[in-house]
Amino acid sequence: MHSGNQIGDAFPSRHGGAKLNWPILVACLLGSLVFISQAPAFAQADSTRLHKLEARLKMLEMQTAANSHKINIYEKQTFYLYQSLPEGDSTESKFKIGGFGEAYFALYSDSTGTEFQKFPTSAPRNRQFGLNMLYLSAQYSSNKARGNLGLQFGDIPLSSWDPRLNMIQEANIGLRFHPKIWLDAGFFRTHIGMESIQPRENVTTSIAVTTYFEPYFLSGAKLSFLASEKLTLQVQAFNGFNNFIENNRNKAFGASAIYVFGPKAAVTLNSIFSNEATDGMVAKNRLYNDIYYVYRGEKVDFGAEFNFGMQTNSGLADSTAMAFIYSGILLAKYKFEHFGIYARGEFFEDSDEILTGPVENSNHQLVGINLVAGTLGIEFKPLPNAYLRLESRYLQTTELEDIFYWKGEFHHYRRPAGVGLRTSSFFD
């Protein structure tokens with residue numbers, strides 16, 4: 001066994017009587033002198049590299065600040081409005097892929113006896129862990145053409161999407177016929193309402209009742225006119241109010257106007273007209289109007305939405321009468337560093353079941369849904385492109401609309417039996 005080391009062998013103890021190894025000692029001393037003489041040069045080189053690094057970081061910050069589209073793109077990806085018009089103004093062709101995923105656990109004081117809870121969009125399974133959505137996207141944009149492809153998997157498409165084309169969230173292509181005119185055609189996720197089918201684009205993770213009954217997906221064509229840097233006008237033609245594949249011989253027609261006040265605020269007006277009666281039945285002409293305002297700032301996000309609709313030959317008491325629907329959403333979010341708190345209030349009045357369809361109360365009577373709801377939540381963002389949310393929601397209908405069933409009794413409210421836990425991440 002070798003008990004010594006290189007230093008001990010080169011410089012043995014005087015007590016051992018051996019002589020010093022002078023050539024090695026001299027070499028070490030010379031090496032030390034060389035290192036000491038060059039130390040200022042090494043320090044100067046490190047300082048130069050540090051200054052270059054700081055200069056590059058400062059340059060990147062300035063570039064980011066100058067590009068309004070890229071400023072905190074994940075932090076500010078709050079309202080779907082800002083994602084609704086695909087890019088297509090670049091002089092160079094661009095292709096990018098992205099993805100999004102969200103898992104959850106939810107509790108509801110409502111036993112539906114079916115696979116999903118009532119109003120089943122986000123977190124539809126009761127007392128279970130689940131995958132809200134796994135979303136994969138591909139986008140192409142150039143000065144003359146653009147396109148989108150979005151594929152989805154999880155509980156949101158299973159509970160709320162077209163069962164025949166369940167994996168497709170959007171698939172559309174667009175051509176530019178004039179510097180200010182675009183024509184896009186294919187499958188679209190809805191432009192109606194300020195809430196998105198993707199929870200990452202919403203202030204809350206749960207979906208408002210209004211959003212649940214509005215169209216989620218549309219198939220057809222959109223003609224967009226860029227009237228100015230702030231105003232975009234659009235006309236649309238679709239197969240129907242909420243379908244990919246036509247269910248009658250009628251088409252739906254719509255119009256939209258989006259006015260952007262600046263990087264922080266915008267207002268949108270949407271209208272869609274359709275006949276939702278099956279072929280051979282009395283016409284049920286529907287006009288649905290939607291207006292909303294959104295603001296997203298450094299500390300506060302705010303949104304307000306109001307909807308008004310009417311439909312012929314649709315009264316519950318008189319089948320020849322005109323029926324009406326009203327709804328609204330008000331929400332706000334206050335943001336700290338890595339944290340946020342948010343709240344949403346909503347009302348929904350569809351007494352003649354224009355959108356809600358046949359709903360029975362505990363006495364097996366047909367009733368339209370009229371309710372109010374409130375949502376509270378907190379959000380933690382450890383990374384710019386990931387979040388964890390805890391959310392609680394309360395819904396209440398009128399006393400005659402006891403549509404919730406819990407512990408063997410009917411109720412006209414669904415109170416929080418717990419909180420929804422959602423975790424999400426995404427990339428581009």
- Query: Cα convex hull of region 146-294: how many Å³ per residue?
  - Reply: 122
- Loop only per DSSP, at most 15 neighbouring Cβ atoms within 10 Å: give me the chymotrypsin sites (Phe, Trp or Tyr not before Pro) in region 233-335, ordered by residue number. Phe261
- Task: At 1.4 Å probe size, with every protein chain present, just tell me what the per residue accessible area of region 82-206 comes to in Å².
- Result: 42
- Query: For region 107-238, with the dipole built from +1 on Lys and Arg beta-carbon atoms and -1 on Asp and Glu ones, taken about the Cα centre, which of Asn126, Pro163, Leu136 lies farthest toward the positive end?
  - Reply: Leu136
- Here are some pairs, Lys94/Lys264; Lys230/Lys333; Lys180/Lys230; Lys96/Lys230; which of them have Cα atoms lying more than 21 Å apart in this structure? Lys94/Lys264; Lys230/Lys333; Lys96/Lys230
- Distance between modelled label sites at Tyr394 and Phe336, nm, 7 Å Cα→Cβ extension: 2.4
- What full-extension length gain, to one decimal in nm, is calculated for Ile97 and Thr320 as 0.36 nm per residue of separation minus the Cα-Cα distance? 75.2 nm
- Item | Gained length - Gln365 relative to Phe177, 0.36 nm times residue gap less alpha-carbon distance | 62.3 nm
- Note on the structure: Semi-axes (Å, rounded, descending) of the ellipsoid equivalent to region 285-356 per its C-alpha gyration tensor are 36, 11, 6
- Computed on Cα atoms only, the convex hull of region 258-320 has an orientation-averaged projected area in nm² of 5.9
- Task: Please arrange Glu349, Glu195 by accessible surface area, largest first, computed with a 1.4 Å probe and ligands excluded.
- Result: Glu349, Glu195
- Task: Over the residues of region 220-344, compute the C-alpha Rg and express it relative to 2.2 N^0.38 Å.
- Result: 1.33
- Rounded to the nearest 0.05, FRET efficiency between Leu223 and Glu409 (Cβ-Cβ, R0 56 Å) equals 0.60
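The values are calculated or read from the model by the stated rules, or taken from the named source; none is laboratory data. This is a predicted model, so every value here is computed, not measured. Don't worry about glycine lacking a Cβ; one is built from the backbone with ideal geometry, like all the others, and counts go over all protein chains shown. These accessible areas exclude ligands, DNA and RNA; they are computed on the full protein's heavy atoms, side chains included. Shrake-Rupley method; radii C 1.70, N 1.55, O 1.52, S 1.80 Å.
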